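**Student:** Sharing a structure with you now.
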Amino acid sequence: MSEFDLVIRNGTVATAADVTVCDVGIRSGVVATLGKGLGAGAREIDAAGHYVLPGGIDSHCHIEQRSSAGVVCADDFYSATVSAAFGGTTTVIPFAAQHRGQSLRAVVEEYHAAARPKAVIDYAFHLIISDPSEQVMGQELPALIRDGYTSFKVYMTYDLLQLDDGQMLDILALARREGALVMVHAENHDMIKWLTERLLDRGLGAPRYHAVSHARLAEGEATNRAVSLAQLLDVPILLVHVSAGEAIEVIRNAQTRGLKIYGETCPQYLFLTADDIDKPGVEGAKFCCSPPPRDAAAQQAVWAGLRNGTFQVFSSDHAPYRFDASGKLPKGDKTVFKEIANGVPGIELRLPLLFSEGVQGGRLDLNSFVALTATNHAKLYGLYPKKGTIAVGSDADIAIWDPAREVTITAGMLHDNVGYTPYEGRHLHGWPVTVISRGRVVVEDGKLAAQRGSGAFLPCTLSEAARPRGTAVTELAFVDARAGAPLV
């Protein structure tokens with residue numbers, strides 16, 4: 001009888017902390033041992049000349065989600081998780097998105113019904129809070145946090161999603177009390193609205209003006225305001241999909257002051273610019289997302305933030321919409337930038353893009369790549385060490401990378417349901433050739449080996465990352481000392 005279900009031999013195993021050449025023995029879906037000269041496996045994979053890395057965790061993606069404007073993503077939980085797996089990702093954390101008037105509990109049940117029969121890799125859920133009603137705040141949200149939905153996203157912009165500063169403070173106070181992590185889409189709504197109205201009044205409705213209306217100052221101001229709100233209540237927050245130097249500087253300064261402020265960025269801010277949106281007709285709609293891609297200087301600021309620790313996580317913000325009336329172009333070639341569905345696909349290419357240009361390009365070391373794409377996600381969202389590393393007792397979620405594999409990206413090679421990629425024609429060095437989820441080989445030799453519904457739901461624990469520092473601002477400390485009852 002074999003000692004292990006699967007042994008991966010002779011690979012270069014990397015975690016966020018170490019790089020070593022060894023074998024990985026897997027039994028009952030978890031890593032049983034690491035070492036050399038391991039006993040026989042029922043199945044063995046020779047990974048000589050390859051990297052053996054933790055499967056990626058994509059903690060910011062939109063799957064089978066209806067936008068506030070009523071547009072449904074092109075990907076359901078089958079196509080999205082298949083696409084993720086082919087790109088080396090073994091866990092996704094999409095959003096259960098509440099729209100105004102909806103019960104949060106009912107929304108979660110709806111997303112479970114969509115994911116359970118389709119997902120081929122493991123998944124958790126964030127929540128999106130757009131209607132912090134008395135029922136939601138007093139009953140549903142606290143109960144859901146205790147049930148394993150320990151992170152949620154709030155918006156400072158979009159007409160049907162935006163929360164005002166008072167609502168933000170209410171939610172931050174609840175997160176502090178319950179130990180949840182708040183993700184913030186930070187853009188100044190009134191700046192964007194003011195610019196949009198004046199652009200459209202002048203007949204400037206082409207996709208290129210999306211980037212004009214979402215000025216980088218709008219992102220920088222809202223980021224600063226979100227940090228101030230969080231600091232007032234001593235609540236950690238994560239600023240998501242950060243695109244430009246103005247917001248990066250705010251986050252970095254807050255971290256330097258000792259605040260628990262985290263940052264996330266995405267492939268579109270490294271590999272696209274506003275010039276990509278400036279295409280003839282409505283072709284630029286393929287590249288419209290919020291915040292939008294900026295310029296070469298912003299790209300360099302993002303790379304610097306990845307290297308110096310300003311960013312803890314690198315996510316796709318996969319928001320897949322087809323280039324037709326069902327998605328990006330509700331009014332065909334008459335669609336103006338305000339009406340374009342916001343978002344770009346990227347769930348399959350997130351890791352290969354960063355590996356090629358980061359690791360192979362000499363901008364990031366292998367440990368940083370693992371941290372940014374897997375380990376830090378697991379730590380932020382209460383999945384570590386079950387996920388995000390290769391260690392004894394951890395789930396055997398592994399991607400075996402061939403650093404010599406060269407790939408030229410085309411839409412036809414991808415497995416999502418979008419029909420185009422904003423990275424068409426880009427040449428990459430390095431690719432995940434075998435992907436393993438809980439000890440199951442799910443992708444091998446360019447073929448899927450996983451069944452619909454074989455992915456498992458992951459309740460998340462409370463994360464140390466979301467724990468307050470315990471340092472109140474001066475005014476709140478004054479009240480706490482004299483009133484005997486804290487305000488928060």
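The values are calculated or read from the model by the stated rules, or taken from the named source; none is laboratory data. Source: prediction; values computed, not measured. Methodologically, a virtual Cβ is constructed for each residue, glycine included, from the backbone with ideal geometry; neighbour enumeration extends over all protein chains shown. Quick note on the areas: whole protein, heavy atoms, side chains included, nothing else; ligands and nucleic acids left out. Shrake-Rupley method; radii C 1.70, N 1.55, O 1.52, S 1.80 Å.
**Student:** Using a Förster distance of 25 angstrom, determine the FRET efficiency expected from the C-beta separation of E197 and D324, and round it to 0.05. Don't jump to the answer; show the numbers that get you there.
**Tutor:** Numbers: r = 27 Å, r/R0 = 1.09.
Efficiency at R0 = 25 Å is approximately 0.35.
**Student:** Give the Cα extents of the chain along the principal axes, in whole Å, largest first.
**Tutor:** Principal-axis extents of the Cα atoms in the chain, largest first: 68, 63, 42 Å.
**Student:** Right, another one. Mind giving me the FRET efficiency for A173 and A113? R0 is 25 Å, r the Cβ-Cβ distance, nearest 0.05 is fine.
**Tutor:** Details: r = 32 Å, r/R0 = 1.27.
According to the calculation, E is roughly 0.20.
**Student:** Can you tell me the FRET efficiency between L448 and L476 if r is taken as the Cβ-Cβ distance and R0 is 51 Å, rounded to the nearest 0.05?
**Tutor:** Working: r = 53 Å, r/R0 = 1.05.
After rounding, the FRET efficiency stands at 0.45.
**Student:** So how strong a dipole does the chain carry about its Cα centre when Lys and Arg Cβ are +1 and Asp and Glu Cβ are -1, to the nearest 20 debye? Present the calculation step by step, with values, prior to reporting the outcome.
**Tutor:** Numbers: 45 positive and 55 negative charges, 67 e Å.
It comes to approximately 320 debye.
**Student:** How many percent of DSSP beta bridges within the chain run antiparallel, rounded to 5? Show your work: numbers first, answer last.
**Tutor:** Working: 32 of 67 bridges.
Percent antiparallel among DSSP bridges in the chain is about 50.
**Student:** With a bin width of 10 angstrom, please list the P(r) values of segment 1-71 as percents of all Cα-Cα pairs, from the 0 bin to the one holding the largest distance.
**Tutor:** That works out to 19, 39, 18, 12, 10, 2, in percent per bin.
**Student:** Report, in deg cm²/dmol and to the nearest 500, the calculated mean residue ellipticity at 222 nm for the chain, where each DSSP H run with n ≥ 4 adds -39500 (n - 2.57) and the sum is divided by the residue count. Could you put the intermediate results ahead of the total?
**Tutor:** Details: 15 runs with 137 residues, N = 488.
It lands at -8000 deg cm²/dmol.
**Student:** Give me the number: length gained by fully extending L487 to R467, i.e. 0.36 nm times residue separation minus the C-alpha to C-alpha distance, one decimal in nm.
**Tutor:** 5.5 nm
**Student:** Take K260, K338 and sort them by solvent-accessible surface of the protein heavy atoms, 1.4 Å probe, largest at the top.
**Tutor:** On the way: K260 50, K338 130 Å².
Of K260, K338, the descending order of accessible area is K338, K260.
**Student:** Count the lysine pairs in segment 283-386 whose Cα atoms lie under 28 Å apart, taking only pairs 8 or more positions apart in sequence or on different chains.
**Tutor:** Working: K286/K328; K286/K331; K286/K334; K286/K338; K328/K338.
Summing the qualifying lysine pairs gives 5.
**Student:** Related question: Could you tell me the accessible area of R469 in Å² (1.4 Å probe, neighbours in place), rounded to the nearest ten?
**Tutor:** Ignoring ligands and nucleic acids, R469 comes out at about 90 Å².
**Student:** Mind ranking D234, D333 by accessible surface for me, highest first, 1.4 Å probe?
**Tutor:** Working: D234 10, D333 120 Å².
I get D333, D234, largest accessible area first.
**Student:** Just by accessible area at a 1.4 angstrom probe, what is the order of T375, T33 from largest to smallest?
**Tutor:** On the way: T375 5, T33 40 Å².
Most to least solvent-accessible, the answer reads T33, T375.
**Student:** Additional query: What number, in nm² with one decimal, is the all-direction average of the projected area of the convex hull of the alpha-carbon atoms of segment 247-299? The partial results should precede the final answer.
**Tutor:** On the way: hull surface 16.0 nm².
With every direction weighted equally, the projected area is 4.0 nm².
**Student:** Right, here's the next one. First compute the accessible area of the chain with a 1.4 Å probe, then give the percent of it belonging to carbon and sulfur atoms.
**Tutor:** Details: 8910 of 18040 Å².
On the chain, the fraction of accessible area on carbon and sulfur atoms equals 49 percent.
**Student:** Where the centre of each part is set by its Cα atoms, how far does segment 79-148 sit from segment 268-340, in angstrom?
**Tutor:** 24
**Student:** Given a 1.4 Å probe, how much area per residue of the chain is accessible, in Å²?
**Tutor:** Values: 18040 Å² over 488 residues.
Each residue of the chain exposes 37 Å² on average to a 1.4 Å probe.
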